[in-house]
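Each remark here refers to the structure printed beneath this line.
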Amino acid sequence: MRLDGKVALVTGAARGIGRGIALKFAEVGAKVGIVDLREADCQAVVDEITSSGGQAIALAADIRDEAQVQAAVTTLHETFGVCTVLMNNAAVMPAGRIHETSPEDFDHCLAVNLRGTYLMCRAVIPTMLEHGSGSIIHMASITGVLGLPGIAAYSATKGALIALARAMSTDYARDGIRTNSVAPGTIDAPMLHDFVAAQSKPEDIRQQFDDMHPIGRVGRIEEVANVCLFLASDESSFVTGSNYEVDGGLSSKGTQPQD
Ligand SMILES: NC(=O)c1ccc[n+]([C@@H]2O[C@H](COP(=O)([O-])OP(=O)(O)OC[C@H]3O[C@@H](n4cnc5c(N)ncnc54)[C@H](O)[C@@H]3O)[C@@H](O)[C@H]2O)c1
């Protein structure tokens with residue numbers, strides 16, 4: 001039970017990677033707050049966890065809204081005690097090059113991916129400081145490290161999350177709060193499914209995603225959740241300010257001329 005005694009809050013946990021992380025955290029002993037816009041799906045994840053003997057609570061909230069964020073954190077504290085693991089996972093990904101991205105989509109992307117993360121940290125950190133420990137993990141993306149076409153606004157927020165985790169690590173290291181980021185390559189999860197479905201040749205694009213990773217396939221949700229579990233647990237007690245690339249070798253790949 002690697003997270004025994006921990007209380008974790010996972011944003012964007014109603015489906016996809018966030019759901020996978022919440023299930024993993026609960027499986028190894030954490031009590032988990034499931035935060036998402038999708039109220040019914042939050043409850044479904046809670047039911048899944050409780051039916052296997054775990055503990056979780058549904059905390060439907062829009063992380064762009066300060067009052068809703070604060071209310072979710074207060075309910076979590078009242079129900080399970082001090083939140084010692086914050087997994088900032090919720091995100092949106094508007095498609096398009098910058099001149100094709102509307103100001104509304106750009107602002108929305110910043111508001112969820114970056115401001116939502118900031119609001120969550122702001123709500124959780126004071127109690128972590130009193131408690132003297134905590135692990136905060138920002139879900140970035142390999143697009144925050146590498147240039148990939150058609151998702152520049154999203155990529156900018158992901159690069160910022162890596163910088164945010166690094167900067168925060170220096171602010172809180174002496175307070176027992178560690179902050180790290182995780183940068184997945186392409187993962188077999190709804191964000192990928194939505195992107196592929198919107199392309200003119202979905203099957204070709206899906207194959208290209210597999211082929212572009214040196215490992216020869218896209219990643220699985222559990223492979224991201226396992227790294228988040230390590231960062232959430234005390235096993236990573238000397239790890240702070242780091243970015244973990246979970247990308248099947250994508251960011252290590254060079255290119256060479258073809259015949
Ligand atoms: N799927 C991939 O290939 C991939 C690759 C790299 C990084 N990531 C990152 O992993 C995370 C999860 O991705 P996913 O594929 O599971 O996506 P997803 O779209 O399934 O999950 C995102 C969740 O966030 C929630 N959400 C959106 N806006 C919100 C808001 N304002 N308030 C509260 N919740 C909100 C959504 O309802 C959804 O349940 C994201 O941060 C994404 O950027 C995904």
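The values are calculated or read from the model by the stated rules, or taken from the named source; none is laboratory data. Keep in mind it's a predicted model, so treat the numbers as computed, not measured. All Cβ positions, even for glycine, are placed from backbone atoms using ideal geometry, and neighbour counts span all protein chains on display. Heads up: the accessible areas ignore ligands, DNA and RNA and are worked out on the full protein's heavy atoms, side chains in. Shrake-Rupley method; radii C 1.70, N 1.55, O 1.52, S 1.80 Å.
Cβ contacts < 6 Å: first residue more than 15 Å from the ligand (Cβ to nearest atom), restricted to the range 207-236; second residue charged (D, E, K, R) and not in a helix (DSSP H, G or I), any location; separation 6+ or different chain. Result?
Cβ pairs passing all conditions: P214/K253; S233/R2.
With open to solvent by less than 10 Å² (accessible area, probe 1.4 Å) and within 24 Å of A13 (Cα to Cα) as the only criterion, which of A232, A198 stands out?
When all the criteria are applied, what remains is A232.
Within the group G33, G12, G53, G20, which residue is more than 15 Å from the ligand (Cβ to nearest atom) and outside the structural domain of H193 (by TED's automatic domain parsing)?
Every option except G53 fails the conditions.
Any idea which of M93, M87 is assigned by TED's automatic domain parsing to the domain that holds R178 and either more than 21 Å from H138 (Cβ to Cβ) or more than 9 Å from the ligand (Cβ to nearest atom) (or both)?
M87
Look through the range 137-195, keep the residues that are more than 13 Å from the ligand (Cβ to nearest atom), in a loop (DSSP other than H, G, I, E, B) and within 20 Å of G96 (Cα to Cα), and return whichever of them is least open to solvent (accessible area, probe 1.4 Å).
Among them, the one singled out is G150.
Collect the residues in the range 176-218 that are within 18 Å of S252 (Cβ to Cβ) and over 15 Å from the mean Cα position of the chain (by Cα), keeping them in residue-number order.
F209, D210, D211, M212, H213, P214, I215, G216, R217, V218, listed by residue number.
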